[in-house]
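Contents: one structure, followed by commentary.
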Amino acid sequence: MLATLVALAILVGIWPITGVLTTYVPLLAVPAAAGLPYLIPALRLMPLGDTTWAFWFADVAGVVVMLVTALVLLRAPKRRAAPAPGPGRAFGRGVWVTTVAVVAGNLVRGVFTSFMVHADLGTYLGTLAANVVVSAITGALLGLVVGAVAAIVAATGRRAASDDSEEADAAASAETHPVEHDADADASVTA
């Protein structure tokens, strides 16, 4: 899941991709036009256009907070001790972790932007609430992709694990009941 979040942050940071996407889907420009962070924190090599290095550091800090949040949520102790989650549980967890991580990363960027533009308390609180709502929607939509990948991995991993366990069970039963031993036992009984 972390690799998927990093890949998404890098893709958002590549302006030819996000610029073309914003051109063909202008609805994506609405949050940025309203003063909210754009989609998810972007990971770039340098500031975009005429923005300052401070905004670049805020984006990088947002990516770091997003990844740390995802890591903490993924490493949190589970209520149920299951060796491998099922595809449904992996999907739900992927959506949840991505949503919370995107909200956390965008909050860092939103708070930074509010301080940079010297927003008053009402504007700050309104922007904060709108940032949480828009980030949660964005995170949930991106979480569908991350959750689908996690569900596919869980389904193929579970299938591979069951195939391995069947092979291990067959090998274990062959070790406990070798064919030669059974033939010797049959011969001694008949003799």
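Rounded to the nearest whole Hz, the Karplus-based 3J(HN,Hα) values (6.51 cos²θ - 1.76 cosθ + 1.60, θ = phi - 60°) of segment 101-118 follow the sequence 5, 5, 4, 5, x, 6, 5, 4, 5, x, 5, 4, 5, 4, 6, 5, 9, 6, with x at glycine and proline.
Please report the carbon-and-sulfur percent of the accessible area for segment 1-62; probe 1.4 Å, protein heavy atoms only, DNA, RNA and ligands left out.
On the way: 2880 of 3630 Å².
With neighbouring chains kept in place, the figure for segment 1-62 is 79 percent.
Is segment 29-69 best put as rounded, prolate or oblate by its Cα gyration tensor, with a ≥ b ≥ c the root eigenvalues, rounded for a/c under 1.5, and otherwise prolate when a/b is larger than b/c, oblate when not? Intermediate results must be reported in sequence, preceding the final value.
Working: a/c = 2.23, a/b = 1.14, b/c = 1.96.
Oblate is the answer for segment 29-69, as a/c is 1.5 or above yet b/c matches or exceeds a/b.
The charge dipole of segment 16-92, taken about its Cα centre with unit charges on the Cβ of Lys, Arg, Asp and Glu (plus for the first two, minus for the last two), comes to roughly 660 debye.
Classification of segment 19-88 by its C-alpha gyration tensor yields a prolate form. The axis ratio a/c (a ≥ b ≥ c) is 1.5 or more, and a/b outweighs b/c.
The values are calculated or read from the model by the stated rules, or taken from the named source; none is laboratory data. What you are looking at is a predicted structure, and each value in this text was computed from that prediction instead of being measured. Backbone-built Cβ (ideal geometry, glycine too); neighbour counts: all protein chains shown. All accessible areas refer to the heavy atoms of the entire protein, side chains included, with ligands and DNA or RNA removed. Shrake-Rupley method; radii C 1.70, N 1.55, O 1.52, S 1.80 Å.
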